[in-house]
Amino acid sequence: MAMCLSARSGGPIQALTATARCLMLCRMDIGIALPTMCRGYDRRSTVDWSRLADEGPVSSISCGERMTFHNPEMWTTLAAAAAVTERVRIIANVSVLPAHPVALVAKQAATIDVLSDGRFTLGVGVGGRTDDYRSLAAGFGHRHERLDRAVGELRSLWSGEPPSGATDPVGPACVQPGGPPVLAGALGPKSLARAAQWADGVVAFSVGGTPSEIAWSAEAARRAWADAGRDAPRLVSGCFYVLGVPEPDRVLRDFTSEYLGFLGAENAAGAAASMKTYDSDTLHRTLDAAEAAGLDEFILVPGSADIAVLEATLNLIGSR
């Protein structure tokens, strides 16, 4: 995968428009998450962020799953986003699959695949918050093994096989043959080795957009797929950030501290204090590093629901 030359590079390339540069040189997509984990997110946020992102140059919109938090429910939000967009890919990033009945997730994913006319990608993982499992009356033990089995069951259900003990299949039929692509929310060597048996790719995350973390996780995923005798996986990663609002450093650190509160106050505060992805130069360096690492897509996860963040992000992407 070719590295995208930055708009800040020297030479004749500077004479080209930002759009032309991106079309000619960029191979990495840049997606944006809906700010569902931010205070102030509401109905208007879903509509405005989705529609504005759909106008481009964003490649995807996404959101993640938490139960014991103030965010809206992931599947409902993604369904709404799918219904008001026409172009961008819709990504569940990620569903904590072992905490749910597999047939229900299969039906939810197939429904969004239909609503989006085949623009849906499903990220799955085991999560790490015991409270979320407890709130769903789901067991926390053996969740890695349960995830392995659940992905196989998903694909079987999407192929039209009825669930165990049933006579009729789970519908609706997916628009994408065989069902949506499945990405694994995996990072460690053991998790990646398991994911290499069943996933189409990996969706990783670097909280602070650290170049070394991004490069390490990409190489670890490639190595796991090679060890499994498979072609290179689709590689997706992301980070928290804030742009376009007053005191972006404070906004980002407050958001990070609240979101990571489940790790304990001291750990959350330490992570928040280290955040630096609140200006364009730092984000350009993060995106440059992701391109250099050969990622297929990088997802920017906002720390504010203010629409000014999205407007500033679109300008940043357009300038590359």
Criterion: more than 18 Å from VAL105 (Cβ to Cβ), surrounded by fewer than 14 Cβ atoms within 10 Å (Cβ to Cβ) and small (Gly, Ala, Ser) - qualifying residue of GLY141, GLY160, GLY165: GLY141
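Of all residues being among the β-branched types (Val, Ile, Thr) and surrounded by fewer than 15 Cβ atoms within 10 Å (Cβ to Cβ) in segment 48-76, which is nearest to SER116 (Cα to Cα)? Just the residue, please.
THR76
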Qualifying positions in segment 245-285 - open to solvent by 30 Å² or more (accessible area, probe 1.4 Å) and of a type in the set (Phe, Trp, Tyr): TYR259, PHE262, TYR278
Selection within segment 288-320 - within 17 Å of ILE61 (Cα to Cα), among the charged types (D, E, K, R) and either part of a strand (DSSP E or B) or at pLDDT below 95 (or both): GLU297
Could you tell me whether any residue of segment 101-114 is at pLDDT 95 or above, basic (Lys, Arg) and more than 23 Å from ARG44 (Cβ to Cβ)? yes
Tell me, please, whether a residue that is at pLDDT 95 or above, of a type in the set (S, T, N, Q), more than 16 Å from VAL124 (Cβ to Cβ) and not in a loop (DSSP other than H, G, I, E, B) can be found in segment 200-211. no
Quick one: count up the residues across segment 235-271 that are under 20 Å from the mean Cα position of the chain (by Cα) and within 23 Å of LEU314 (Cβ to Cβ). 11
Please name all residue pairs, on different chains or six or more residues apart, with Cβ atoms under 8 Å, provided the first residue is in segment 246-267 and is without any contact (Cβ under 8 Å) to a residue 60 or more places away in the chain and the second residue is of a type in the set (Val, Ile, Thr) and surrounded by fewer than 20 Cβ atoms within 10 Å (Cβ to Cβ). VAL251/VAL245; THR256/VAL207; LEU260/VAL207
Is there a residue in segment 282-305 that is farther than 20 Å from VAL207 by Cβ, out of contact with any Cys (no Cβ under 9 Å at 6 or more places or on another chain), in contact (Cβ under 8 Å) with a residue 40 or more places away in the chain and among the acidic types (Asp, Glu)? yes
Scan of segment 252-265 for residues that are within 17 Å of ARG129 (Cα to Cα) and part of a helix (DSSP H, G or I), ordered by number: THR256, SER257, GLU258, TYR259, LEU260, GLY261, PHE262, LEU263, ALA265
Collect the residues in segment 82-114 that are surrounded by fewer than 19 Cβ atoms within 10 Å (Cβ to Cβ) and either within 18 Å of the chain's Cα centre (by Cα) or among the aromatic types (Phe, Trp, Tyr) (or both), keeping them in residue-number order. ARG87
Could you check segment 115-131 and list, in sequence order, the residues that are modelled with pLDDT of 95 or more, open to solvent by less than 50 Å² (accessible area, probe 1.4 Å) and either over 19 Å from VAL170 (Cα atoms) or not small (Gly, Ala, Ser) (or both)? ARG119, PHE120, THR121, LEU122, GLY123, VAL124, GLY125, VAL126
LEU136 passes all but one of the listed conditions (1) open to solvent by 50 Å² or more (accessible area, probe 1.4 Å); (2) in contact (Cβ under 8 Å) with a residue 24 or more places away in the chain; (3) under 22 Å from the mean Cα position of the chain (by Cα); the exception is number (3)
For segment 238-251, indicate whether the set of residues that are under 17 Å from ALA186 (Cα atoms) and not in a helix (DSSP H, G or I) is non-empty. yes
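Would you check if LEU187 is under 27 Å from ALA271 (Cα atoms), in contact with a strand residue (DSSP E or B) (Cβ under 9 Å, 6 or more places away or on another chain) and not in a loop (DSSP other than H, G, I, E, B)?
In short, no.
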Between a residue in segment 61-90 that is without any contact (Cβ under 8 Å) to a residue 60 or more places away in the chain and within 13 Å of LEU34 (Cβ to Cβ) and any residue that is in a strand (DSSP E or B) and among the aromatic types (Phe, Trp, Tyr), which pairs come within a Cβ distance under 6 Å, given they are 6 or more apart or on different chains? ILE90/PHE120
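The values are calculated or read from the model by the stated rules, or taken from the named source; none is laboratory data. Please read all numbers here as calculations on a predicted model, not as lab measurements. Positions of Cβ are generated from backbone atoms using ideal geometry, with glycine treated the same way; all protein chains shown enter the neighbour counts. These area figures cover heavy atoms from the full protein model, side chains too; ligands, DNA and RNA do not enter into them. Shrake-Rupley method; radii C 1.70, N 1.55, O 1.52, S 1.80 Å.
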